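Notes for the one structure printed next.
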Amino acid sequence: MTEPVWSAEHEAEFQAQVARLSRGTVEIVPEDEFKQKLRKSIQTGQPLKIKLGLDPTAPDIHLGHTVVLQKMRQFQQFGHHVQLIIGDFTGRIGDPTGKSETRKQLTEEDVKRNADTYQRQIFKILDPERTTVVFNSEWLGPMQFADVVRLAAHVTVARMLERDDFTKRYQGGMPISIHEFFYPLMQGYDSVILKSDVELGGTDQKFNLLMGRTLQKEYGIPTQATMMLPLLEGLDGVNKMSKSLGNYIGIDEAPQEMYGKAMSIPDELMGKYAELITDWTLDELAGFASGVADGSLHPRDAKMNLARTIVRMYHGAGAADEAQQHFVTVFQQRAMPDEIEEKVIVAASLGEQGTVKIAPWLVGLGLAASTSEARRAVQQGGVKLNGEKIADPNAEITVEDGLVVQIGRRKFVKIKIEQ
């Protein structure tokens, strides 16, 4: 059976896919092979199998995780099929990428609990009709020790030490556990089992992604192309977005919290966020970038547009409009929000004078994680009582019924005193 003739329509579709799918990537290896796979898919009408592996090592997904998920969604929009691997087996070992020491292994219960949350959250982005979800314990769990030895025989120790983090630890006299070598082997073996055509990951995953190509070749399977995407800096503008660093926006956060955090995105990163984590078209991205560059779009308005888009993607247009109105009312017009959480305080706990030291009291109210954090917030002008700033972190304040306490831009509580 002969393949269909390459037509003008085929060429137009090919150019459209290359332009959209390549946008925002750091590296495609090998790029010519990736384009050949796209051509064949368009010509035959056979969708490509696009692989993404996610180790459920944390309970929630933040915007940094969605960079690769948004790219997968673009593949789906062109008719390709996503193979989403929940690494319930590899997750127990933990990816040693970028680690300066052996990573703590998770329990099976931890991984299962996180995996359940992942599956619910990822379908806020991916189309479930074009997604196959599999767990790599299905094929890694039943392997016999002899199977593991045969798998390991395909890769040398010298090849493993090409990984930058392994090399640094080896040269620095830091221990490398043998089981850590098996992580890239297992990730690569996933590609063998699924016969994936393209695998996506962050730039920190390059070695693991290329291992998939190596093992596919060893097992006589057509090799996958690999697509590397940039890592997203967090709200501090410096470090990779991470929940442990507190510089993240979680996709399950409340609309107002999400919007407020998005308004903290550094100006210089607005374009990167727009390109990597929004669902804007190429024309919308171009208009946003040119508007910011030539000054026709004020940076504040650009950021509000970006913040509204982020909330709309995960909570809907109505919630996005409400979050934006709340931000304008509270933070631009400096008004109090309509609904403020109430904290009940027993009068006897305040003593005869009804006064408290501000820093430990903020901790007791749950507005700060520690006394040092509370003191720092006061010193930075971030604490207000009934709209008035408190300047002294050692201040004693009088607690009255109805007192509104604010810390930062988004945290408010109203005090209710009970006798």
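The values are calculated or read from the model by the stated rules, or taken from the named source; none is laboratory data. From a predicted model like this one, the values you see are computed outputs, not experimental measurements. All Cβ positions, even for glycine, are placed from backbone atoms using ideal geometry, and neighbour counts span all protein chains on display.
Brief remarks follow.
- Scope the range 241-272; condition more than 14 Å from the chain's Cα centre (by Cα) and without any contact (Cβ under 8 Å) to a residue 24 or more places away in the chain; matching residues: 254, 271
- Selection status of residue 311, surrounded by 11 or more Cβ atoms within 10 Å (Cβ to Cβ), within 31 Å of the chain's Cα centre (by Cα), at pLDDT 95 or above and of a type in the set (Val, Ile, Thr): yes
- Single match in 264, 191, 244 (criterion: crowded, with 18+ Cβ neighbours inside 10 Å and either of a type in the set (A, V, I, L, M) or not in a strand (DSSP E or B) (or both)): 191
- Verdict on residue 301 being closer than 30 Å to residue 329 by Cβ and over 16 Å from the mean Cα position of the chain (by Cα): yes
- When we screen 202, 237, 250 for residues that are out of contact with any Gly (no Cβ under 8 Å at 6 or more places or on another chain), surrounded by fewer than 17 Cβ atoms within 10 Å (Cβ to Cβ) and small (Gly, Ala, Ser), the only hit is 237.
- Checking the range 227-240 against the condition returns no match, with no residue being at pLDDT 95 or above, in a helix (DSSP H, G or I) and either among the polar types (S, T, N, Q) or on the phi < 0 side of the Ramachandran plot (or both).
- Qualifying residue in the range 306-329 (condition: without any contact (Cβ under 8 Å) to a residue 60 or more places away in the chain, under 27 Å from residue 25 (Cβ atoms) and outside any helix (DSSP H, G or I)): no
- The listed residue being modelled with pLDDT of 80 or more, under 23 Å from residue 222 (Cα atoms) and in the same structural domain as residue 164 (by TED's automatic domain parsing), out of 84, 63, 69, 126: 84
- Residue selected from the range 362-380 under the condition crowded, with 18+ Cβ neighbours inside 10 Å and under 19 Å from residue 261 (Cα atoms), by the criterion farthest from the chain's Cα centre (by Cα): 377
- Those residues of the range 47-76 which are in a helix (DSSP H, G or I) and either without any contact (Cβ under 8 Å) to a residue 60 or more places away in the chain or more than 16 Å from residue 129 (Cβ to Cβ) (or both), in sequence order: 63, 64, 65, 66, 67, 68, 69, 70, 71, 74, 76
- Some residue of the range 229-240 being under 22 Å from residue 158 (Cα atoms) and not polar (S, T, N, Q): no
- For the range 340-371, taking the residues that are aliphatic (A, V, I, L, M) and in a loop (DSSP other than H, G, I, E, B), the one that is farthest from residue 392 (Cα to Cα) is identified as 340.
- Count of the range 110-169 residues which are of a type in the set (Lys, Arg), in contact with a strand residue (DSSP E or B) (Cβ under 8 Å, 6 or more places away or on another chain) and free of Cβ contacts under 8 Å to residues at least 24 places away in the same chain: 0
- Qualifying positions in the range 214-240 - closer than 14 Å to residue 37 by Cβ and without any contact (Cβ under 8 Å) to a residue 60 or more places away in the chain: 216, 221, 222
- Some residue of the range 45-60 being farther than 25 Å from residue 208 by Cβ and among the basic types (Lys, Arg): no
- Of the residues making up the range 283-298, those that are part of a helix (DSSP H, G or I) and more than 24 Å from the chain's Cα centre (by Cα) number 7.
- Unmet requirement for residue 99, which otherwise passes all of (1) within 26 Å of residue 164 (Cα to Cα); (2) modelled with pLDDT of 80 or more: (2)
- The range 14-25: number of residues that are touching a residue at least 40 places away in the same chain (Cβ under 8 Å) and not aliphatic (A, V, I, L, M): 5
- Scope the range 249-296; condition in contact with a helix residue (DSSP H, G or I) (Cβ under 8 Å, 6 or more places away or on another chain) and of a type in the set (Asp, Glu); matching residues: 252, 253, 267, 275, 279
- Positions within the range 381-405 being part of a loop (DSSP other than H, G, I, E, B) and surrounded by 11 or more Cβ atoms within 10 Å (Cβ to Cβ), in sequence order: 382, 386, 390, 392, 393, 395, 399, 400, 401, 403
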